[in-house]
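Working notes, structure below.
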Amino acid sequence: MNIIIFGSQYGTAKQYAEELGRRTDTEVRSYKEKTDINVCDTIVYIGALYAGGVLGMKETLVRLTHLRGKRIIIATVGLADPTDPQNIESIRRSMCSQLPPEVFATAHIYHLRGGIDYSRLGIKHKTMMRMLYRQVQKIPEEERTAEVRAMIETYDKKVNFVDFNSLDGIMSDLRQGI
């Protein structure tokens, strides 16, 4: 049995999960549903990069009681360019602190690009983003990471970088496990 679980704050991780589910005819659930993942052979977790981590990933994958025979695929969804080496390093460092070492070591990890619509943000998130934006504007141009540049470029805008073709690597990975 295979399952796709997602953690989405504003919808782009959910979009990717639903499209992957449609393409693979696999059940898709939110991490909030507390699914028993121990009965699954393949677990795909698609999570939004949010507040310094991957939304819902820790809560979901910590419930694994054994890894033997399990295939774990994790895809992060964020605003910054997922092909930038600095960005990938930062994401993976954060993932290491959220996952048991044996899960991180065996997981197949992908990075997808999402989007943001500031008009949909709640007051708490708008305030948090405004404060962060003011902070990162002070960083000298030559010291800005891809993540910081993306945040500055998209601040207070609606942008959508969702690209379902970026699911091809995950699709290929899933076919190898069949």
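The values are calculated or read from the model by the stated rules, or taken from the named source; none is laboratory data. From a predicted model like this one, the values you see are computed outputs, not experimental measurements. Here the Cβ positions follow ideal geometry from the backbone for every residue, glycine too, while neighbour counts run over all protein chains shown. These area figures cover heavy atoms from the full protein model, side chains too; ligands, DNA and RNA do not enter into them. Shrake-Rupley method; radii C 1.70, N 1.55, O 1.52, S 1.80 Å.
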Here the qualifying pairs (Cβ atoms under 6 Å; residues six or more apart or on different chains; first in region 109-129 and under 16 Å from Gly11 (Cα atoms); second at pLDDT 90 or above and surrounded by fewer than 12 Cβ atoms within 10 Å (Cβ to Cβ)) come out as Asp117/Lys158
In region 43-77, anything in a strand (DSSP E or B), over 22 Å from Asp168 (Cα atoms) and either at pLDDT 90 or above or open to solvent by 60 Å² or more (accessible area, probe 1.4 Å) (or both) is listed as Tyr50
Residues of region 99-123 being open to solvent by less than 20 Å² (accessible area, probe 1.4 Å), in contact with a strand residue (DSSP E or B) (Cβ under 8 Å, 6 or more places away or on another chain), not small (Gly, Ala, Ser) and not in a helix (DSSP H, G or I), in sequence order, are Leu112
Picked from region 4-42 (must be open to solvent by less than 10 Å² (accessible area, probe 1.4 Å) and modelled with pLDDT under 95), the residue farthest from the chain's Cα centre (by Cα) is Cys40
